[in-house]
Ligand SMILES: [Fe+2]
Ligand SMILES: [Fe+2]
């Protein structure tokens with residue numbers, strides 16, 4: 001599916017409240033809504049000028065909601081859903097959040113992964129081979145994808161207050177206005 005407006009994306013993010021990365025709740029200890037807010041808040045702190053990176057952090061796991069039980073494909077589902085609305089860079093950063101995990105598992109095996117992320121790493125292809133890692137490093141967005149991944153892995157704290165979703169509506173509107181492939185008339189969520 002393809003999201004056609006900031007409104008539609010905000011509705012989907014609100015629907016992440018009480019939704020989990022695994023339908024039986026055996027996975028990470030925070031729901032997708034809290035995880036999205038924590039990831040975006042960490043990136044806002046470490047990269048205050050990079051709204052696209054923050055927004056990529058906000059939406060990176062919506063694939064779990066779009067197609068539950070497809071862990072291996074969740075990054076691609078999310079990237080495909082936001083591509084037209086948020087543009088190439090955000091979509092690519094979202095797509096890279098699983099490869100970045102596989103990369104970090106190879107180059108810094110002591111990098112902190114949650115129990116659930118360790119479990120799903122196998123289904124996602126396991127650590128990268130050295131050839132795969134070298135190819136990953138050539139991606140112009142590799143460094144940003146690693147920054148996103150580090151925020152992702154730190155954003156699983158039960159009870160941490162990371163603000164409210166509504167704070168992101170304006171930022172999503174700005175990123176969409178600058179990068180969207182959709183006709184302008186569809187982007188008016190922040191007038
Ligand atoms: Fe993910
Ligand atoms: Fe995540």
Discussion item. Go through region 67-92 and report how many residues are in a helix (DSSP H, G or I) and away from ligand 1 (no atom under 12 Å from the Cβ).
Written reply: 12
Fill in: Filter result (more than 10 Å from ligand 2 (Cβ to nearest atom) and either more than 14 Å from the chain's Cα centre (by Cα) or over 18 Å from residue 110 (Cβ atoms) (or both)) within region 148-164
157, 158, 159, 160, 161, 162, 163, 164
Discussion item. Give me the residue from region 5-35 that is away from ligand 1 (no atom under 16 Å from the Cβ) and in a helix (DSSP H, G or I) and, out of that set, surrounded by the most Cβ atoms within 10 Å (Cβ to Cβ).
Written reply: 6
Item to complete: For region 85-92, state whether one or more residues are farther than 28 Å from residue 181 by Cβ and surrounded by fewer than 16 Cβ atoms within 10 Å (Cβ to Cβ).
Response: no
Worksheet item: Which of the residues belonging to region 36-66 are more than 13 Å from ligand 2 (Cβ to nearest atom) and assigned to a helix (DSSP H, G or I)?
Response: 41, 44, 45, 46, 51, 52, 53, 54, 55, 66
Worksheet item: Quick check: is even one residue across region 89-101 farther than 22 Å from residue 2 by Cβ and free of Cβ contacts under 8 Å to residues at least 24 places away in the same chain?
Response: no
Practice prompt. Please tell me if residue 86 is modelled with pLDDT of 95 or more and within 16 Å of ligand 2 (Cβ to nearest atom).
Written response: no
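The values are calculated or read from the model by the stated rules, or taken from the named source; none is laboratory data. Everything quoted here is computed from the prediction, not taken from an experiment. Cβ coordinates were reconstructed from backbone atoms using ideal geometry, including for glycine residues, and neighbour counts include every protein chain displayed.
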